[in-house]
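For reference, the structure is listed below as structure tokens.
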Amino acid sequence: MLNTPAAPAANTVAPSARHAEGVSNDEFRAALSRLAAGVVLVTAQEPPLDPDDPGAPAGEDVGMTATAFLSVSLDPPLVLVSLRNGSRMDDLLDEQPMWAVSVLSESQRHIAGRFAMKGRISDRLLFADIPYLRGEYSGAPLVNGALATLECRTEQRVPAGDHTLVIGRVLTARVPSAEGGPLTYFRGRYRQLG
């Protein structure tokens with residue numbers, strides 16, 4: 001006979017929906033918030049609306065803050081970023097294979113917060129006062145003062161629950177700044193080491 005949990009009493013409300021495996025969304029979030037992560041800005045350049053028309057509006061720069069970013073392989077050099085399904089960056093990288101990453105320093109918390117806002121203003125305004133260079137391969141913004149910058153070309157997209165794991169081949173890797181420490185994310189807040 002299988003040991004099944006008793007049904008909750010009619011008057012009780014579960015604090016968070018439980019998955020078939022038994023863990024709730026809140027439990028999962030709380031547990032994973034204890035894992036410190038580095039903070040990066042992922043950027044890409046949206047293609048022009050009509051590439052055949054020189055008078056058509058140019059594509060817009062798009063950016064998003066990410067903490068689910070990691071090294072995958074040294075040979076070939078691969079990295080991975082996790083994107084929420086249906087997000088602007090997920091949709092863009094589904095059609096545009098070139099993108100860039102700026103590893104943010106502890107002094108760039110304002111950039112991380114700006115590009116992580118829900119219901120935010122246009123990306124054009126978000127980039128307005130941030131100094132950056134354009135990547136030679138991707139054309140995407142690479143933030144000045146970042147601890148490291150990478151340009152990538154998508155090699156593979158892997159569906160994973162409500163996210164897509166985008167694996168990119170690293171085309172350029174630079175360490176433009178040795179100043180300061182990394183910006184980290186821990187227990188729901190941006191933090192610095194030390």
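Given a Förster distance of 45 Å, report the FRET efficiency between V158 and D53 from their Cβ-Cβ distance, rounded to the nearest 0.05. Each step should come with its number before you reach the end.
Details: r = 35 Å, r/R0 = 0.79.
The computed FRET efficiency comes out at 0.80.
Calculate, for N85 and R124, the FRET efficiency according to 1/(1 + (r/R0)^6) with r their C-beta to C-beta distance and R0 25 Å; round to the nearest 0.05.
FRET efficiency, N85 to R124: 0.55.
With a/c under 1.5 counting as rounded, go ahead and sort the range 133-181 into rounded, prolate or oblate using the C-alpha gyration tensor (a ≥ b ≥ c being the square roots of the eigenvalues; past the cut-off, prolate if a/b is larger than b/c, else oblate).
prolate
How high is the FRET efficiency from S177 to M117, r the C-beta distance, R0 22 Å, rounded to 0.05? Each step should come with its number before you reach the end.
On the way: r = 25 Å, r/R0 = 1.13.
In this case the efficiency is close to 0.35.
Regarding the chain, what's the average projected area of the Cα-atom convex hull, expressed in nm²?
16.4
By the scheme Lys and Arg +1, Asp and Glu -1, what is the net charge of all other residues having a beta-carbon under 14 Å from that of V143?
Local charge sum for V143: -2.
For the range 100-194, just say rounded, prolate or oblate: build the C-alpha gyration tensor, square-root its eigenvalues into a ≥ b ≥ c, call rounded for a/c under 1.5, and beyond that prolate if a/b exceeds b/c, oblate if not.
Rounded, because the longest to shortest axis ratio a/c is under 1.5.
Among L74, L142, L126, determine the one that fluctuates most according to a GNM of the chain built with springs between C-alpha atoms less than 10 Å apart.
L74
Just to verify a number: what accessible area does T67 come out at with the full protein assembly present, 1.4 Å probe, Å² rounded to tens?
50
How far apart, in nm, are two points set 7 Å out from the Cα along the Cα-to-Cβ line at I167 and at D75?
1.7
What's the magnitude of the charge dipole for the range 40-194 around its Cα centre, counting Lys and Arg as +1 and Asp and Glu as -1 at the beta-carbon? Answer in Debye, nearest 20. Walk me through the numbers on the way to the answer.
Working: 15 positive and 19 negative charges, 183 e Å.
In total the dipole reaches around 880 debye.
What shape does the range 49-159 have by the C-alpha gyration tensor, where a ≥ b ≥ c are the square roots of the eigenvalues, rounded means a/c under 1.5, and otherwise prolate means a/b greater than b/c and oblate the rest? Don't skip to the end; give the middle numbers.
Details: a/c = 1.39, a/b = 1.10, b/c = 1.27.
Verdict is rounded for the range 49-159.
The values are calculated or read from the model by the stated rules, or taken from the named source; none is laboratory data. None of the values given here were measured: they were computed from a predicted structure. So basically every Cβ, Gly included, is an ideal-geometry build from the backbone, and we count neighbours across all protein chains shown. These accessible areas exclude ligands, DNA and RNA; they are computed on the full protein's heavy atoms, side chains included. Shrake-Rupley method; radii C 1.70, N 1.55, O 1.52, S 1.80 Å.
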